[in-house]
1. What residue, of B:ASN204, B:ASN213, is open to solvent by 40 Å² or more (accessible area, probe 1.4 Å) and touching a helix residue (DSSP H, G or I) at 6+ places or on another chain (Cβ under 6 Å)?
2. Taking the stretch B:59-70, which residues are open to solvent by 20 Å² or more (accessible area, probe 1.4 Å) and in contact with a Lys or Arg (Cβ under 6 Å, 6 or more places away or on another chain)?
3. Given the options A:THR201, A:THR226, A:THR187, name the one that is of a type outside the set (Phe, Trp, Tyr) and either open to solvent by 20 Å² or more (accessible area, probe 1.4 Å) or out of contact with any Gly (no Cβ under 8 Å at 6 or more places or on another chain) (or both).
4. Output the qualifying pairs, or none if there are none: Cβ atoms under 6 angstrom, residues six or more apart or on different chains, first residue in the stretch B:145-166 and away from chain A (no Cβ under 13 Å), second residue in a helix (DSSP H, G or I) and acidic (Asp, Glu).
5. Can you tell me which residues in the stretch A:166-175 are outside any loop (DSSP other than H, G, I, E, B) and either of a type in the set (D, E, K, R) or touching a helix residue (DSSP H, G or I) at 6+ places or on another chain (Cβ under 8 Å) (or both)?
6. In the stretch A:2-24, which residues are within 18 Å of A:GLY346 (Cβ to Cβ), away from chain B (no Cβ under 14 Å) and open to solvent by 10 Å² or more (accessible area, probe 1.4 Å)?
7. Under 7 Å between Cβ atoms, at least 6 apart or on separate chains: pull out the pairs that start in the stretch A:272-283 with a residue that is open to solvent by 20 Å² or more (accessible area, probe 1.4 Å) and end on any residue that is of a type in the set (S, T, N, Q) and assigned to a helix (DSSP H, G or I).
8. So in the stretch A:239-270, with the set limited to residues that are within 14 Å of chain B (Cβ to nearest Cβ) and open to solvent by less than 70 Å² (accessible area, probe 1.4 Å), which one is nearest to A:ARG15 (Cα to Cα)?
Amino acid sequence: MNVFDSLVTSNIRQRPLRSAISVVGVALGVALIMIFTGLARGMSNDLQRRSSNVRGEIIFTRKGSMSLVGSATNLSTKYVERLQQIEGVEAATPVIRHIYPSGGIGVDQIEGVEWNDFSRMNGIRIINGRSPVANDEVVIDQTKAARKHPVGGTIRIFGDKLYKIVGIYAPESGARAKLTLASLQETLEAPSKCTYILIKTKPSADPVAVAKLIDQELPGNNVQFTRDVFASVESSIPSLGIFLRVLVALAAVVSALVVMLAMHTTITERTREIGILKAMGASRAYIVGEIEREAILISAMGLAVGFVLALGAGFLIHKSTGLIFEYGWMWALTAGVIGLVGGAIGAFYPAMRAANLDPVNALAYE
Amino acid sequence: MAAAATTGKKVAILKAEKLEKTYRVGKVDVPALRGVSLEVEAGEFVAVMGPSGCGKSTMLHLLGGLLTPTKGRIVIDGEDLTAATDAKRTDIRRRKIGFVFQRFNLFPTLTADGNLRLAERIHGGNGSGDPERRREVLRLLRLEDKMHHKPLELSGGEQQRVALARAVITQPALVLADEPTGNLDSESSAIVLNMFQELNRRFNQTIIMITHNPEAAAACGRIIQMRDGHIVAG
């Protein structure tokens, strides 16, 4: 049996534009799911990877001075000295975390640190070049360096201000670019201020007990664990999970509607053919099955195109903006099921309509 | 093929009793058949003639189970079509009836072979059919070298021969043909009629054919004349 000489495949080939539009419709739904979930997952994993390299267990801030998309530089660096005197604290180092529009999609962040203390506490080392000293010097991690930012080059951080890249550090930790604390204080006009103080506890100390002690000694501030502050994007944005689910539902509706419209049109075009099938003794189930098979084949092609589209779009967006995409099998499976089930559901009404056509009227259809 | 035909005993393959069909057009009842009774024996080749609007096509649609009568009874090869549900009627049509239409009604996207296989698939489920029967039908209808052509690549006569092959490939008890030569020139008509006769003779195929053409009717063993919803002769 020639598979291309069946009603399902021959109808798809006979109406290439309609088939292509249907395939693209399903593909867009699938690609939307893959791109958004891939971006959320990629950014979340990237944040977690980088935060896992921050070795200081406790973060000391003013209340409400840090969020996922913003931070204030309102904590006095004088707290560093007082924190170092608390029992169980091995080291404390001030950090300015500044978030600014990236110029592309979304926001970017930069950190101002006292390099020697910060790198020692977090086990970071310069693998190329040297550490920043002057106010116009910056060090970056390998990921940022890979985007055509070599040592000796310059990088634009705040508007038109150019910074010299003096070194590349590893492993990646927190923001991908780091200035000296003094440099960022000057730029932000916040002398003797920082966003938070990163605290490393002694190996013998219990971080929970140390955090309690800090809260008692310096009340009215915020004492948090690093692991909680740099949690995943999903948990940092409570509505993200809902957003992703709504997106998946929308993609399903889009897929179903596109297939429904396409199949509705094709049933109208093929009314006489449905009449012939009925005259030949095709049952309702057979007619529904034929139309569903066609819809599922179109949806399967849409899935394939959608996955390729998502991979291509992810690659291009990453190249142009640095946003990270990580596609998961579970979401791919979800997108696949959504595409196929959406297509099958979308085709069901036109299929039932076809199955219930009056054969004599259908045969007389012009 | 119907069991009755294979025994050689003359048994009615079709029995229609007091068939009435009234269409409702707006608020008006329009009678199309006014009490038609008909019996066709296995292996008969019957022509149905009559002026336009006399009820020929309505009768054919009733006999094929595409319509239900307002009154009366139809029994095909022992199965009561009028007592059957819609699904059962479809099943009887699938097993016992083959249609040939004036406009051929082939699937334009399928080859001749694809059209035949579709009929076999609907009839038997797997589309394989009886290879011997298939070869014989194709040889008889001189279609062996046309099987990979699509309908638009075939002449009208060839398309009607494919439609005829599609109707008989599943060995129906009854073939219902609605003006099968109405869209053909006289040469193609003669060829198609000849093939109807061949099928009738070779396979003892029972055929009921609506026609306006007296020459076509002359090719049949019996002619039924209809007028105003009644059978007036035959």
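1. Working: B:ASN213 fails: touching a helix residue (DSSP H, G or I) at 6+ places or on another chain (Cβ under 6 Å).
B:ASN204 is the lone residue from the list that is open to solvent by 40 Å² or more (accessible area, probe 1.4 Å) and touching a helix residue (DSSP H, G or I) at 6+ places or on another chain (Cβ under 6 Å).
2. Within the stretch B:59-70, B:PRO69, B:THR70 meet the criteria.
3. Values: A:THR201 fails: either open to solvent by 20 Å² or more (accessible area, probe 1.4 Å) or out of contact with any Gly (no Cβ under 8 Å at 6 or more places or on another chain) (or both); A:THR226 fails: either open to solvent by 20 Å² or more (accessible area, probe 1.4 Å) or out of contact with any Gly (no Cβ under 8 Å at 6 or more places or on another chain) (or both).
Exactly one residue qualifies, and that residue is A:THR187.
4. From the stretch B:145-166, the pairs are B:LYS146/B:GLU158.
5. Selection gives A:ILE168, A:TYR169, A:ALA170.
6. Selection gives A:ALA20, A:ILE21, A:VAL23, A:VAL24.
7. Between residues of the stretch A:272-283 that are open to solvent by 20 Å² or more (accessible area, probe 1.4 Å) and residues that are of a type in the set (S, T, N, Q) and assigned to a helix (DSSP H, G or I), the close pairs are A:SER283/B:THR90.
8. Step by step, filter the stretch A:239-270, then rank; the result is A:THR266.
The values are calculated or read from the model by the stated rules, or taken from the named source; none is laboratory data. Remember, predicted model here, so these are calculated numbers, not experimental data. We place every Cβ from the backbone using ideal geometry, glycine too, and count neighbours over all the protein chains shown. All accessible areas refer to the heavy atoms of the entire protein, side chains included, with ligands and DNA or RNA removed. Shrake-Rupley method; radii C 1.70, N 1.55, O 1.52, S 1.80 Å.
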